[in-house]
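Bear in mind that the values in this text are calculations on the coordinates, not laboratory data. Just so we're clear, the structure is a prediction, and the values are computed from it rather than from any experiment.
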Amino acid sequence: MNLRSIGRAIAERRRAAGLTLTQLAAQAGVGRSTLAALESGKLRELGLGRVARLCEAVGLVLDVRPMSLDAPLMAHRHLTEAAGRELTKAAID
């Protein structure tokens, strides 16, 4: 997951909740223009605190977990074990 996909998820939840950009920005303590840039995928960086407040305000949860996998999530008869792990990692990203 990246900042662009987080912005899209926040935008979807905001609209579903019937909130305007101004309302959500005020609720989360961020600027309206910052929220608009996040939702449109124009922000390159945004602090974790701001992202966390926005997610909380629309009922989203940030999940932190290790990137490495010891084994693929499911066996595939046409893939080697290493290739399965790489596909699984790519799917998670």
Summing -39500 (n - 2.57) over every DSSP H run of at least 4 residues in the chain and dividing by its residue count gives a helix-only mean residue ellipticity at 222 nm, to the nearest 500 deg cm²/dmol, of -16500 deg cm²/dmol
The extension gain from Arg44 to Thr80, computed as 0.36 nm times the residue separation minus the Cα-Cα distance, is 9.3 nm
Taking Cα pairs closer than 8 Å and at least 6 residues apart, the relative contact order of the stretch 15-72 in percent is 30
In degrees, nearest 10, the alpha-carbon axis of helix 48-57 is tilted away from the dominant principal axis of the alpha carbons of the chain by 80
Full extension between Ala26 and Asn2 adds, at 0.36 nm per residue less the Cα distance, a length in nm of 6.3 nm
Taking only the alpha-carbon positions of the chain as identical scatterers, the Debye log10 I(q)/I(0) at q = 0.20, 0.22 Å⁻¹ comes out as -0.86, -0.98
